[in-house]
Amino acid sequence: MPVTHTNTPAPLASTTPWQDKMQVWLPKLILSPTIVVTLICVYGFVIWTGLLSFTKSRFLPQFDFVGWRQYERLLNNDRWITACENLLIFGGLFIAICLLIGVLLAIFLDQKIQQEGMIRTIYLYPMALSFIVTGTAWKWILNPGLGLENLVHQMGFTDFKFDWLVNSDMAVYTLVIAAVWQSSGFVMALFLAGLRGIDSSIINAAQIDGASKPRIYWSIILPCLRPVFFSAIIILSHLAIKSFDLVTALTSGGPGYSSDLPALFMYSHSFTRGQMGLGAASAIMMLAGILAILVPYLYSELRGKRNA
Amino acid sequence: MHSSSTSQGENGLGRWLIYGVLALMALVYLLPLFVMLVTSFKTGTDIRTGSLISLPQEWVTDSWQAAWGTACTGVTCDGIKGYFWNSIKMVVPAVLISTFIGAFNGYVISKWRFKGSDLFFSLMLFGCFLPFQLVLLPMAAMLGKLGLANTTTGLVLVHVIYGVAFTTLFFRNYYINVPDELVKAAKLDGAGFFTIFWAILLPISKPIIMVTIIWQFTSIWNDFLFGVVYSGADSQPITVALNNLVNTSTGVKAYNVDMAAAIIAALPTLFVYFVAGKYFVRGLTAGSVKG
Amino acid sequence: MKLKTLFLAMTFAAGSATAGEVEVLHWWTSGGEAKSVAVLKQMMEQQGHSWKDFAVAGGGGESAMTVLKTRVVSGNAPTAAQIKGHDIQEWAELDYLANLDEVAKKEGWEQSVPSVVTDIMKYDSHYVAVPVNVHRVNWLWANPAVFEKAGAKIPTNLDEFFVAADKLKAAGVIPLAQGGQPWQEATLFEAVALEILGSADYRKAFVDHDMAVLKGKKMVEALTIFKKMKGYTDQAASGRDWNIATNMVITGQAGMQIMGDWAKGEFIAAGKKPGVDFVCVPAPGTQGQFTFNVDSFAMFKQKDKGAMAAQNDLAKTILTPEFQEVFNLNKGSIPVRTDMDLSKFDQCALDSMDTFKASATSGDLVPSFAHGMATTSAIQGAMYDVLTNYYNSDNISAQDTANLLADVVEDAM
C-alpha cells in the first residue's frame, strides 16, 4: 500500500477557511477523549503502579519508599521465577498450538464442507463460556481419578496414564490444553476469514502451472495470511498474558505453585496477601516483559506493512 | 467465497479424512459441554457415586429450576434470574458506546491521520495488554472521586475505557483497507468529516460492527473482575452471582446446580454466537484481519 | 413458629429509635450459610433497619477482600464486612473501623465471650469487630464402617494413625482423604504441628514467629510426618475441593479426613448421622487442644446517624443467643458465647464446646494459622507457598523446608 497523506489536501474552492480549519481539528477533537483517557487510565495507572513498586506498601497503598527492595525480593522469590517460566512455556505452546490447529481447521473447513456453519459454531462456542465453570468441567476431565484416565481404565486399558493435572512437572501443560480448547476456534475463524479473502486468481494461476495442493498452501496461501498471523498473535498473546480465570479455575497454581502464572501471582500478592509493593513490582516486571517481547514484533510488522 | 482450488473433484479418501478430522475435533470441543450438560441433569447422589462422564441414572431437571429460581447467591435464594437484567443493563450500553467510539477512532486513525496519530495507535495497542488486576485500585479511587463508585454507570465507564483499545483496533484494521482514493474523491467533492463517514464508511461497516459487538459482548458479559469490584450491591452482574453459586469455600457444593447455572449464564453469548456467527467470519473476511 | 416468637422478642428488645441501612459484605453464599445470614437479615428488619446484601464468594473470602479494598479506596466502605483474624488489626490500624465499646459494655460481651476471642475483636483495647462463631479446625472425620471392615481402630495419636492407615491401605481403601489446595495442606500440617510442637511452641512458631522454633528439630519432625501422611492419600488429590475429599469418606472410598468442623455439613447433607455413620474425634494426638477459626464482622466507620444506629444493632444482634443458636446449628460451628443452652446441638458440637472452654484456661486454645487467625496475610501466604511446595515436590528436604519457612516468615514480617 502506498504511503497515505497524513494531512488533508489543499483548500478547495467550495469550502470556507472556517470549514477547513474544522476539518483539520475535528479528527483530533474526536480522538482526544480517547487519548486523554488512555493516558490517564493506562499510562497514568502504570506510572502509579511503578511508584507503588518502590514503596513498602502492604495492606493498602502507602508511599514510604524503599528503593529496589521489592524487586530484590521478587527475584529471590522461587514462586515468581516459576510463574515466569510457566508463562513462557504456557504462552509459547498456547500460541503455537492455537495457530497450528487454527490454520489446519480453517484449511479443512474451507474445502466446501457440508454443515460448515454448524461445525464452525461448535469450534467457536468455547469462547462464549466463562471459565468460572468450564474450569470445573476441565478439572474433572483431566483429573486422573474422575475423568479421562478413569474412563480409559474402565474400558479395560488399565495401563493408561494421564495424570498431568496432579503432576507438578506437567500441570502447566493442562493449562495449555484448556486454553487451546477455548481459543483455537476463534483463531480458526480468523484464518477462515483470511482464506476467503484471498484472491482466487493467484491460486488458479498456480494450479495451471501444475503446483500440488500442499505446495500451493505452503508457498502461496500461507504467506498471504501474514496479516492474519499478526492479528492472531496479538490476540493470543493478550489472552496468554492475562490468563487468570483459567489458572484459578483449573489448578489455582497447583500442585504446590508449579502451575502459577504472573497474573495470579500479582493478584494474590496485591490483594489477598497484603504485599502490595511486591505485587506492584511483579506487575511492572510483567509489563516490562511484554514490552521486550511484543514491541519489536509490533514495530517490525507495522513498519513492514507500511513500506510494503 | 471458497477458494477455487477446492472446486475440482477430490479423491474420496481425502474427503473422508477431512470430514473425519473435523468431526473428531468437534467431539473434542463438545466434550466439556457434554460433561456440564450431563451433570446438570443428575441427582446429587448420582454425582457423588457415579462416574463424571457417565449418563445420569435418572434424568432430573431440578437443578435447572434451582439455578434459575431458588439457588442461594447471597442472603437471598432466588437463583440467577434477577442478575440477568443487571448484566443486560450494563452490557448493552457498554457495548454500544465502546463500538461507537471505536468506529470513530478507527476512522480517524485510518483516514484522517495527523502527526502523532500512528504513535497514539501504537500506545493504545499496548493498552490491550494491560493486566486488569493492575488498575483495580487506582480506578476505584478515580470512580470514587467522580462519585460513580459502585454504580452501574461507573461499571459501564470502566468497560468502555478498557474496551475502546480493542474496538479501535478492529475498526482501524477494517477501514485501512478501504481505498483512500474513495475518501479523497469525496473530500474533493467538498464532503466533510461526518459526511464521508456517514455516506462512505458506515454503509460498508456492517460486518465489522458485528465482529466488534460479538467480541465486546462476549468479553463484557463474561467479565468477573470489574463486575465484582465496581458494581453496586443491587446491580451485581450475572458472573458474580454465578461465582457466588459455584465458589463456596466452606459450604456444601451442588455441582448439578453449578453446571445448570453456568449454561444458563452462557445462553446470551451462545445465542449471539449462533445468530451472529455467520457475520463473524464474514466480517473478519471483509478485512478486519488484514492488518 | 419458633422464629416468630424469637422475632417478637427481638422487637421488644429493640431499643433504638433511629432506623438505618446496613450494607454487609460477606462470602457466605452456599445454602446453609445463606440461610443463616438470612436470619440475621430478618432480625435486623424486625428492628426497623434495612439490609443491603453484598455477597462475594470465592477462595475463603479472597475475592471479597479485593472488593473491600477497592470499595474503601473509592471512599465507599460497607457498614460491616466479614473480616477474620489478623486482618481486623490491619484495618483498625489504618483507622477505618468504628468503635463498638458502648454496645460491648451494654451487652456484657466481656462476661459471655472468652478473652481469646475478644482479643482478636479489639484493636488498642477497643472493640472494632463482632465474633459470629467458632470453628474447631483440628478434627478427624472417620467412616466407622470402613474402619471396621479393615479391622482398624479410629486413631487417637499419630502412632495409631499410621497403624490404622496401613490397615486401611491393606484393605484397599484410601486411608486419608485429602484435598489439594494450599489451605487444605496447611490445615493438615497445622494439626500435625500442634501435636508435635505442643501448644506453647505452636504459638511461638506461628504467632510470635520465634526463628529457633520455626527451624527447630520439632518443626523438621512435624514436616517429616506431614510428608509421610501424603503417602496415605491418593495421587489424584491435587486441586481437589475439600468437600470432594469429605465425600470420599462418606462413600467409603476413603477412611478418614482431617478437616475443620464445616465438614460436618457435608455429612449431614448426605443424610449421615453423627456417631453412627461418621465419627468426629480430635486430630491425632490433639485431645484437649483446640485450633480455632473464628468468623467475625468488622464494622466500618459511618457518617450517617441512622447507619451508625443500625451498625450498633447489628453488632448486638449477632451476639444474641437466639442468632448464635440458629447460625451455628446451620454452620456446624459452635457459638462464641460460652453461657448458652446447647440442647439442640449434636455430640460433635458439644465436644467442641467442652474442649473450647477447657482449653481456654489450660493454654491449649490456639489460633489456626491456616485460616488467618495467627498472623498477617503476608506471612500466612508465604508459609502456604513453602508448605505446599514441600508437600507436592520431592526435591526438597524437611530440614531445608524448615529453614526456608523461617526465612520467608522473616522476609514477610
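Given the criteria in contact (Cβ under 8 Å) with a residue 60 or more places away in the chain, farther than 30 Å from residue C:298 by Cβ and among the polar types (S, T, N, Q), does residue C:133 qualify? No, not satisfied.
The lone criterion from (1) assigned to a helix (DSSP H, G or I); (2) under 20 Å from residue B:213 (Cβ atoms) left unmet by residue B:177 is number (1). Of all residues in the range A:194-213, one or more are surrounded by 18 or more Cβ atoms within 10 Å (Cβ to Cβ), at the interface with chain B (Cβ under 8 Å from one of its Cβ atoms), in contact with an Asp or Glu (Cβ under 6 Å, 6 or more places away or on another chain) and closer than 24 Å to residue A:124 by Cβ.
Are any residues in the range A:110-135 more than 7 Å from every other protein chain (Cβ to nearest Cβ) and crowded, with 20+ Cβ neighbours inside 10 Å, and if so, which ones?
Applying the first criterion (more than 7 Å from every other protein chain (Cβ to nearest Cβ)) to the range A:110-135 yields A:114-116, A:118, A:131, A:135.
Result: A:131, A:135.
Against the list (1) under 30 Å from residue C:53 (Cβ atoms); (2) within 11 Å of another protein chain (Cβ to nearest Cβ); (3) in a helix (DSSP H, G or I), the condition residue B:72 fails is (3). Every listed requirement among (1) more than 30 Å from residue B:15 (Cβ to Cβ); (2) surrounded by 22 or more Cβ atoms within 10 Å (Cβ to Cβ); (3) within 7 Å of chain B (Cβ to nearest Cβ) is met by residue A:142 save one, (3). Of the numbered criteria (1) more than 25 Å from residue C:65 (Cα to Cα); (2) touching a Phe, Trp or Tyr at 6+ places or on another chain (Cβ under 8 Å); (3) of a type in the set (Val, Ile, Thr), the one residue A:55 fails is (1).
Filtering C:191, C:177 for residues that are within 20 Å of the chain's Cα centre (by Cα), at pLDDT 90 or above, closer than 21 Å to residue C:385 by Cβ and among the aliphatic types (A, V, I, L, M) leaves a single hit, C:191.
Here no helices (runs of 4 or more DSSP H) wholly within the range A:10-89 include at least 2 residues being small (Gly, Ala, Ser) and touching a residue at least 40 places away in the same chain (Cβ under 8 Å).
Listed by position, the helices (runs of 4 or more DSSP H) contained in the range C:315-394 that have at least 1 residues being touching a residue at least 12 places away in the same chain (Cβ under 8 Å) and closer than 17 Å to residue C:119 by Cβ are C:347-362.
With respect to residue B:90, determine if the residue is assigned to a helix (DSSP H, G or I), touching a Leu at 6+ places or on another chain (Cβ under 6 Å) and modelled with pLDDT of 85 or more. It is true that residue B:90 is assigned to a helix (DSSP H, G or I), touching a Leu at 6+ places or on another chain (Cβ under 6 Å) and modelled with pLDDT of 85 or more.
The sole residue among B:83, B:107 that is touching a helix residue (DSSP H, G or I) at 6+ places or on another chain (Cβ under 9 Å), within 14 Å of chain C (Cβ to nearest Cβ), more than 18 Å from residue A:39 (Cβ to Cβ) and modelled with pLDDT of 85 or more is B:83. Would you confirm whether any residue within the range A:157-174 is in a helix (DSSP H, G or I), touching a residue at least 12 places away in the same chain (Cβ under 8 Å), within 11 Å of chain B (Cβ to nearest Cβ) and crowded, with 21+ Cβ neighbours inside 10 Å? No, the range A:157-174 contains no residue that is in a helix (DSSP H, G or I), touching a residue at least 12 places away in the same chain (Cβ under 8 Å), within 11 Å of chain B (Cβ to nearest Cβ) and crowded, with 21+ Cβ neighbours inside 10 Å. Screening the candidates B:281, B:240 for the property of being touching a residue at least 24 places away in the same chain (Cβ under 8 Å), within 8 Å of another protein chain (Cβ to nearest Cβ) and in a helix (DSSP H, G or I) yields one hit, B:240. The set of residues from the range C:45-60 being crowded, with 24+ Cβ neighbours inside 10 Å and more than 7 Å from chain B (Cβ to nearest Cβ) comprises just one member, C:49. Among the residues of the range C:364-391, those that are closer than 16 Å to residue A:253 by Cβ and among the aliphatic types (A, V, I, L, M) comprise C:382, C:383, C:386, C:387. Restricting attention to the range B:105-147, the residues that are over 29 Å from residue C:71 (Cα atoms) and free of Cβ contacts under 8 Å to residues at least 60 places away in the same chain total 13.
So which residues in the range A:225-248 are part of a helix (DSSP H, G or I), closer than 29 Å to residue C:237 by Cα and at the interface with another protein chain (Cβ under 9 Å from one of its Cβ atoms), if there are any at all? Within the range A:225-248, A:241, A:242, A:245, A:248 meet the criteria.
The values are calculated or read from the model by the stated rules, or taken from the named source; none is laboratory data. These numbers were taken from a predicted model, which means no experiment stands behind them. A quick note on method: Cβ atoms are made from the backbone with ideal geometry, for glycine too, and the neighbour counts reach across all protein chains shown.
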